[in-house]
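In what follows, a structure is listed as structure tokens, so that the remarks can point back to it.
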Amino acid sequence: MSDLPSQPDGSASQSLTHRVLARVSDAGLSVDRRESALRRRSSRRRPAASDLLSASVTRTPDQIREARSLRRVFHELGDSYREYRRRTGEPVSADVRDAAERFRREVNVSSLVSVAASLERLDILTW
């Protein structure tokens, strides 16, 4: 994975980074399985014309896979946060909102670790 954050505050953030990377790796395997299943099903149909201006044409398959994996973990974190808010009645945390907005602007490991860190401070992470 690229864009690893620096680890100035020691092993706690390093541990969180490793946990996020492991989760992204697992999500990557899930993305691969899904893509494989879609290819098998769609092989019977006529292939769709690709948009030559789309981002998927300018990115490598590994970059596309990484972005999908990162987004999948981000959505899992969002589901956990929404469940936490439903259960506790807490309002949206400015810290979580800012981290999520940063991730949407910069889809990378560092910004995803920021989202996970803000949820860990609320004792939401189960992994």
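The values are calculated or read from the model by the stated rules, or taken from the named source; none is laboratory data. If you're wondering where the values come from, they're calculated on a predicted model, not measured in any experiment. Cβ: placed from backbone, ideal geometry, glycine included. Neighbour counts: every protein chain shown.
Among the conditions (1) under 23 Å from ARG105 (Cα atoms); (2) of a type in the set (Ser, Thr, Tyr); (3) at pLDDT 95 or above, TYR84 misses just one, which is (1).
Of all residues in region 87-127, those that are farther than 16 Å from GLN14 by Cα, more than 14 Å from the chain's Cα centre (by Cα), of a type outside the set (A, V, I, L, M, F, W, C) and surrounded by fewer than 16 Cβ atoms within 10 Å (Cβ to Cβ) total 10.
Somewhere in region 63-73, is a residue under 22 Å from ASP123 (Cβ atoms), under 20 Å from the mean Cα position of the chain (by Cα), modelled with pLDDT of 80 or more and in a helix (DSSP H, G or I)? Yes, the conditions are met somewhere in region 63-73. Within region 74-100, the residues that satisfy the criterion of being farther than 20 Å from ARG23 by Cα and assigned to a helix (DSSP H, G or I) are ARG85, ARG86, ARG87, THR88, ALA94, ASP95, ARG97, ASP98. In region 2-31, the qualifying residues are those that are of a type in the set (Asp, Glu) and at pLDDT below 70, and the one that is nearest to ILE124 (Cα to Cα) is ASP9.
Among the residues of region 74-86, those identified as surrounded by 12 or more Cβ atoms within 10 Å (Cβ to Cβ) and over 18 Å from the mean Cα position of the chain (by Cα) are TYR84, ARG85.
It is to be established whether one or more residues within region 41-55 are at pLDDT below 95, surrounded by 11 or more Cβ atoms within 10 Å (Cβ to Cβ) and of a type in the set (Lys, Arg). No, that holds for no residue.
Checked against (1) at pLDDT 95 or above; (2) within 23 Å of SER30 (Cβ to Cβ); (3) of a type outside the set (Phe, Trp, Tyr); (4) touching a Leu at 6+ places or on another chain (Cβ under 9 Å), ASP95 passes all but a single condition, namely (2).
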